[in-house]
Each structure stands twice: as C-alpha cells, then as structure tokens.
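What follows is calculated from the coordinates using simple rules that are stated; it is not laboratory data. Worth saying up front: this structure is predicted, and the values here are computed from it rather than measured. Virtual Cβ from ideal backbone geometry, glycine too; neighbours counted across all protein chains shown.
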Amino acid sequence: MPKLRITWIKSGIGYNESQKRTLTTLGFHRLNQSVVHDDSMSLRGMINKVRHLVKVEETSEAK
C-alpha cells in the first residue's frame, strides 16, 4: 500500500479548533514534524482539511 509523508509546515494559530484537532489526529506535536501514514480516503480527507498547513509527498519507506 502506498504511503504518504506529511510535514506540518505552518502554525495552526488563528485557525479554527477543528483544524487544530485534525493536526493532532494526524499525529503532529510540533511544527516541521513529519509523519508517515498509509494512503486512504479518510486520510486524504483530513489532509484536504488542513492542506494550507501541511506538505504531502508520496514515499515507499516503512514507518
């Protein structure tokens, strides 16, 4: 299954609480942190919600 590397590149300050919770749900704790997740429709929906705060790359590495 393809994997996505998601990097948090912009602060969530000033954005609504729902977007901040989405960043936490994705597994972020601090700015410029990267996480790797399996690609899925639900993950794509979360990424779409915070697309202005994160950078997404396809990768083949394991967690």
(message) I'm trying to understand the selection: among the residues of the stretch 1-47, which are touching a residue at least 12 places away in the same chain (Cβ under 8 Å), small (Gly, Ala, Ser) and closer than 17 Å to Thr59 by Cβ?
(response) Ser34
(request) Select the strands (runs of 3 or more DSSP E) contained entirely in the chain, then report the ones holding at least 3 residues which are small (Gly, Ala, Ser). (result) none
